[in-house]
Every structure is written in C-alpha cells, then in structure tokens.
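Any read-out appearing in this document is the output of simple, stated calculations on the displayed coordinates, not a laboratory observation. Being a predicted model, the structure only gives us computed values, none of them experimental. Backbone-built Cβ (ideal geometry, glycine too); neighbour counts: all protein chains shown.
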Amino acid sequence: MTTALWLGAALALAVLGAWLVLLLARGGFWRTDVRLPACVLAASPSAWPSLAVVVPARNESDVLPHTLPSLLAQDYPGELHVYLVDDESDDGTADTARAIAAGVGDSARLTIFRNEPRPPGWLGKTWAMHAGVNAASSQSPEFILLTDADIRHPPGSTRTLVAAAQEHDLDLVSQMAMLRVASLWDHLLIPAFVMFFGMIYPFRWSNDPQHGAAAAAGGCMLVRADALARAGGVAEIAGAVIDDCALARRIKDHGRPHGGRTWLGLSREVCSVRRYRGLRDIWSMVARSAFAQLDYAAWRLAGTVIGLVLVFVWPPVAAILGAVALASGAVVAPAALLLTSGLAAWALMTASQVPMLRWYGTPALVGLALPITAALYTLMTVDSARLHWSGQGGRWRGRQVGGR
C-alpha cells in the first residue's frame, strides 16, 4: 500500500511539473489577448486592393439568412465580390442565397454556382474552396477571403483584415470566430475546444515567422492571392481534413521565397451562428478530424490517450485517493504528497482555462470540470479512430469525410 502511494505521489508530482511547463513554456496558450493587430492603412479608397470572398456552402439554407447579408453589406472601400459555391446541397442552398441577395439589393456583388462532383483525392470542402478560388481568379483579386457559410462578419471585417495584412506584411490573416455557446454542453465543451486548439497550435508560435508552428481557423482566412499561388493553391491540401492548418503550413513554408508570414488570433466580432444541438453535434465535429490530427497513427493515438488521462484526469483522481488514504490511516507522507500534488495540478489546470471561460461568458467554476471535459474529448478521439478503422470515417454536413 505504501509503495503504491509513493508511486501515485511521484506520478502526481510529475503531472504537476508538466502543468508548470505547459503554463510557462507553451506559447501562452491559455491567454486570450492575441487579437488582430491595430493598424491604420493610409490609402485612398481607389488604392485598396481587390478582394474576392469564397464561401463553400453545403446544406446551409438555415444559416445563410444570418450570415450572407453580412458579407454583401461589407463597407470595404475597394472592389469586392462574393463567390458562393453550392457544394452538392440538397436543401435549396443556392435558391436561398439568390433570394437573400435580391432581398438586400446586392445581386451584382454575388456569384452563385453549383460545384462539379469532386474527383478522387479531394474532400468536399477543399474541392469547393478550389472551385471558388478558380472562379475568382478570372477577376485577378489581390486578396481572397475564405470563410465558412455559418460565419457572420461585422461590417468592417474585410476592411480590417486587409488593412492588417497590408500594414503588417502578412500573407495569411486568420481569426478564430466566436463559437456559439448556449447550452450546458456548449459551456462545458466549447471553451475547452478552443483552449485545446491553442495548446496544440499556440497562437504566438504560429504568428512568429521564425517558429515552425503554423495554424489558421477555417472560418475566417484572408490570404494574398500570389502567396496562395506560390504555395500551390488549394490543390496542395486537397485531402486535408484539417484544411485550415494545412493551408497555414503551406503558406508559411512557401508563401514567399524565404517563408510566408501568417497570423492567427481570437475575435469577438467574427462569430459562428452554428447551433450545436447537444453532445451529439459536438461529438461529430470532433470525431470527424481528431484522428486525422494524429496522422491516422495508432501509436500517436495511444500516446494521446495516455497523455490526456495523465495530464487531465489523474490530478483529481490523485487528490481523491490521497484524501481517502489519509482518512483511512495510511502512512501520512505519501498520502499527503499524493493529495497536495493532485490538488495543485488540478488547481493549475483549472486556472489555465479561466481566461477562455471568461472569454465565452462561462462561469469560472466550470473549469473544475475540465478533467471530465478532457475525458469526453479523449473518448471522441478514440471514436474518431474507430470510425476510420471501420471504414466509415467521420460524418459532417451529411457526408463522410476523412480516412485514407
């Protein structure tokens, strides 16, 4: 019993050390102050670069009334045109888009076309992105904004994005849209989802031209057309399930002769209107891409599961076991060390999530449930692997994605 307690205490101490390293040396992943850099573009309206907005849309007739008007109403001073790619929808997405454009009197600013069936090796979204970029290329835009159909933009979104790219010499400017948080499941899982993304891809590292990390958020990605061309276009990420980060990687590696410059940060104004209908929707969102993130490798999956369990689940378990051992009269030293180390690691873990919880207006006490949240994400990751190995892949927007 005493040996087991000492082993458990040693493991809890190691996890506590891991949390200290994460908080101090993982690019400040827990912070929420990475925002679009302030800038003032000194240029007359006629000098603003031309901009094409590409919107892949599959079965989005329910969200387009809330998002498409925001793109058509942009106050961008230069030439702007929106290309909406109907990605084999069966819910009248194209008709809805036409009605919206006619209703707001901006039909001339919008081109809608149904995409051709995707060829082998392409995923649905990347094929739609490719089609939209190709359609836009006939007008030779200087910038292309790739944005999801469920993203609502503030009136000055395109102006601000282009100004940031121009003033700070950026090839890719991406904003992590504010995800919709309404239900209990949303509050439990969505802030953690964004924080976990930041742990995997620390924003500050990605924004550093000298660092090897590269990331973007697919809901809002402004890219220089020439940088995208130098990176090989969307064709280079044809089969990428995590297409946004794959694109950022290509841009950072090939966007210019000595590497492209990318930027990723949080936004309150650019927001998703997508409603998650309980745990099932969030589970599907994660399961479609989690195993792809691990490059479909079983050993990576095993390491991830072990790591998540140790780093997130073991601290509260250690604290409980230590308290029980002390109450039952076990040797005080290892039991107390097990209890205190577990509590300390749990406290650091909870503190790491507080900024993101506040960002989403979620009570800070929800951070105490991060071990449960992490356990759920671990199960989602395992399920992603199960779907891949069973030949089903993940499913999203009514279509199978992922797999090899």
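Observations, loosely collected:
- Net charge, Ala25 excluded, C-beta distance under 15 Å - Lys, Arg +1, Asp, Glu -1: +2
- Kyte-Doolittle mean at least 0.5 and Cα axial length at least 24 Å: DSSP H helices in the chain: 2-25, 184-200, 332-359, 370-389
- Labels on offer are [x] 1.00; [y] 1.07; [z] 1.14, and the one holding Cα Rg over 2.2 N^0.38 Å computed from this structure is [y].
- DSSP-defined antiparallel bridges as percent of all bridges, the stretch 45-277, nearest 5: 30
- DSSP bridge pairs, the chain: antiparallel proportion in percent, nearest 5: 35
- Label-point separation in nm, Asp33 to Leu368, each point 7 Å along Cα→Cβ: 2.9
- Centroid-to-centroid separation of the stretch 113-185 and the stretch 195-259 [C-alpha atoms, Å]: 13
- Computed extension length for Ala108-Leu379: 92.8 nm, one decimal, from 0.36 nm per residue of separation with the Cα-Cα distance subtracted.
- Spacing of the modelled spin labels on His168 and Arg98, each 7 Å from Cα toward Cβ, amounts to 4.1 nm.
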